[in-house]
1. Do we have A97 as touching a Ser or Thr at 6+ places or on another chain (Cβ under 6 Å), modelled with pLDDT of 95 or more and closer than 20 Å to V143 by Cα here?
2. Test L73 against the stated conditions and say whether it is at pLDDT 95 or above and within 14 Å of G99 (Cα to Cα).
3. Go through segment 9-64 residue by residue and tally those that are loosely packed, with under 12 Cβ neighbours inside 10 Å and either within 16 Å of H109 (Cα to Cα) or touching a Gly at 6+ places or on another chain (Cβ under 7 Å) (or both).
4. Name the pairs: first residue in segment 31-50 and touching a residue at least 60 places away in the same chain (Cβ under 8 Å) and under 11 Å from A116 (Cα atoms), second residue exposed (fewer than 13 other Cβ atoms within 10 Å of the Cβ) and among the aliphatic types (A, V, I, L, M), Cβ to Cβ under 8 Å, at least 6 apart or on different chains?
5. Could you check, for segment 56-74, whether at least one of its residues is in contact with a strand residue (DSSP E or B) (Cβ under 8 Å, 6 or more places away or on another chain), among the charged types (D, E, K, R) and in a helix (DSSP H, G or I)?
6. Return the pairs, sorted by first residue and then second, in which the second residue is basic (K, R) and not in a helix (DSSP H, G or I), the first residue lies in segment 86-111 and is surrounded by 19 or more Cβ atoms within 10 Å (Cβ to Cβ), the beta carbons are less than 9 Å apart, and the residues are 6+ apart or on different chains.
7. Quick check: anything in segment 114-123 touching a helix residue (DSSP H, G or I) at 6+ places or on another chain (Cβ under 7 Å), within 14 Å of D13 (Cβ to Cβ), in contact (Cβ under 8 Å) with a residue 60 or more places away in the chain and surrounded by 19 or more Cβ atoms within 10 Å (Cβ to Cβ)?
8. From the list G86, G91, which residue is modelled with pLDDT under 95 and not charged (D, E, K, R)?
Amino acid sequence: MALLLLVTTVGCDRVTKQLASTHLAQKPTQSYFADTLRLEFAQNSGAFLSMGSQLPEAVRFALFRVGVGIALLALLGVALKRRWSGALLVGATLIFAGGMSNLIDRIVHGRVVDFASIGVGALRTGIFNIADVAILLGGVLMVVGSTEHQKRSVQNG
């Protein structure tokens, strides 16, 4: 199941980034659902909300390619060693898939394609992609899963 989730998540992210590059680049922002959803093409050389995009290239390379690669391998190693299951495994898989897809962009293109934002009025998210959603959802599931794991450990211990 984890492998299917990994492949599906990376596949959806890759396809939507390609669609954004093809249909949104060099076009005005598209607004839907009373401007709750905006689709707009952006290229992000930094991290979440473009943090770090102004850093020198060598620092961005070390942080966003090497550092992220090491962190993803560490996450994979811990998940396998501890034989995570349930919400922990699903969360780790989503984080790994989203991180891997964004890492592919950074390695191949030097930046990540973002294309969506949501909000009401002036209250808006930053521009994001499917990989970012997977990472966020994975983080939430890992918190839930670790809380459940700790409760079971206390009950069984």
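1. yes
2. Yes; evaluated as a whole, the condition is true for this residue.
3. Residues meeting the conditions: 5.
4. From residues that are touching a residue at least 60 places away in the same chain (Cβ under 8 Å) and under 11 Å from A116 (Cα atoms), the pairs are T36/V120.
5. For segment 56-74, residues in contact with a strand residue (DSSP E or B) (Cβ under 8 Å, 6 or more places away or on another chain), among the charged types (D, E, K, R) and in a helix (DSSP H, G or I): absent.
6. L88/R82; L89/R83; D105/R111
7. Yes, the conditions are met somewhere in segment 114-123.
8. G86
The values are calculated or read from the model by the stated rules, or taken from the named source; none is laboratory data. Predicted, not measured: the structure shown is a model, and the values here were computed from it. Cβ coordinates were reconstructed from backbone atoms using ideal geometry, including for glycine residues, and neighbour counts include every protein chain displayed.
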